[in-house]
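Below: one structure, written as structure tokens.
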Amino acid sequence: MKAIQLDEGIHWIGANISTNDLFEGIWPIPYGVTLNSYLVQGDKLAVVDLVRDWAGAPTYVLSQMQSVGAKPKDIDYVILNHLEPDHTGWLDMIHIISEDAKVLTTEKGAEMAKALYHLKDGDIDIVKSGDTLDLGQGKVLAFEEIPHVHWPETMATYEVNSKILFSCDAFGSFGALKGSIFDDEVPKADYKYYEEETLRYYANIVGPFSGPVLKALEKVDSLDINMIAPSHGLIWRKDPQYIIEQYRAYANYSKDYAEPEITFIWGSMYGNTERMVRAVLKGIAKEEVPVHIFHVPEDDVSFILAQAWKSAGLVFGMPTYEYKMFPPMRYVVDLLSQKQARYKKVFRFGSFGWSGGAEREFEEKIERMKWDLLESFDFKGSPTEEDLNKGMEFGQELAKQVKEIPRKFTPR
Ligand code: FEO
């Protein structure tokens, strides 16, 4: 495989990963993921972020380096923007590949490099915001700490003359690249794919750190950027502002009601809660609000989180199970809480057999989530016609409220 040039002396040397493994051991990646690594060649040779030893990624990276005459043993610097092992899993090999390579990372990054890969102090140069590294031949790397995007140690690296920002997880996405690495070479038919995989990545990985994302975006706004080169997903050379605004919208979804859409999650034991699902959907349909429907436990929570993140309205249909919430729904609600999916207009309903209990547990769980609970509607056993009418009315009322929320981000 050949390296792909971003600018004179700057190349992409990444890998498209196709695997049945779960990302972070939790999140399915049925469309794969990219691990982007970059080579910056001046008088000195630097690699910005590494790859995990995953689905042959190091082999691709080494052959790409060789395609531009860069010998692995000549690597002078390994710039580690972020220590998570998807970008560093290969680090324990680096001194076999290049005896003298120095690792550059933040103070916290150094601590983690020692913990994860048993590097010694002499292996590492610590950098902080404002520091630069002159590689010669007009290649100057400037470092900026962007803590918690995604881990506390994270920084971004900016090549001063080409104005390329190597942003690591920031501006990243799931989804392997389909033939091209640049935004301007993506056919329109694939825009939806990249947007949905970016949203899913954001909601699954970066969402709880939306406050730090907004702080990092202030720093990005002050930079003159020609190209954004993240460590997952597309490289934005035609329209870097697009991915900046996409991330800004996603981060702001945790600060205010998101888009005028509803994510509808339901599970049913014997079809009684399911009967109410149809009635509530009928009510929502009267207002023509977009609805994303998920069935638990069949649908993976990764996809639920993504649509819930960008929806201002949430509906939960769940029966009581052993005096508590239906367990697969508890997992969804707990993850929404952990990922800090805030500011939602919510309707819950469900069937109970004896004394109920799901309602109480649900209300306790959402107390601190800044959710506006329109109604929590329980019915005993199978819903009556009167219950179904009520459910339809609640669905319509939620949709009316959600419809009033202004749209904040329009996909391409
Ligand atoms: Fe792509 Fe937080 O690692």
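Structure data summary
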quantity: Boolean, Met112 is part of a helix (DSSP H, G or I) and within 13 Å of the ligand (Cβ to nearest atom); calculated: yes
quantity: Subset tally (residues that are more than 16 Å from Thr19 (Cβ to Cβ) and either within 16 Å of the ligand (Cβ to nearest atom) or polar (S, T, N, Q) (or both)) for region 48-77; calculated: 8
quantity: Number of positions in region 108-135 that are in contact (Cβ under 8 Å) with a residue 40 or more places away in the chain and farther than 20 Å from Ser37 by Cα; calculated: 2
quantity: Ile75 β-branched (Val, Ile, Thr) and more than 17 Å from Leu165 (Cβ to Cβ); calculated: yes
quantity: Residue match in region 380-393 (condition: touching a Phe, Trp or Tyr at 6+ places or on another chain (Cβ under 9 Å) and of a type in the set (Lys, Arg)); calculated: yes
quantity: Conditions (1) surrounded by fewer than 21 Cβ atoms within 10 Å (Cβ to Cβ); (2) under 28 Å from Gly130 (Cβ atoms); number of the one not met by Ile205; calculated: (1)
quantity: Extreme residue, surrounded by the most Cβ atoms within 10 Å (Cβ to Cβ), among residues of region 13-66 that are under 22 Å from Tyr158 (Cβ atoms) and among the polar types (S, T, N, Q); calculated: Ser37
quantity: Residue list for region 206-228, restricted to those being over 16 Å from the mean Cα position of the chain (by Cα) and among the hydrophobic types (A, V, I, L, M, F, W, C); calculated: Val220, Leu223, Ile225, Met227, Ile228
quantity: Among the candidates Ile13, Ile29, Ile17, residue that is under 27 Å from Thr106 (Cα atoms) and assigned by TED's automatic domain parsing to the domain that holds Leu91; calculated: Ile13
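The values are calculated or read from the model by the stated rules, or taken from the named source; none is laboratory data. A quick note: this is a predicted structure, and the numbers were derived from the prediction, not measured. Positions of Cβ are backbone-derived with ideal geometry, glycine not excepted, and every protein chain shown enters the neighbour counts.
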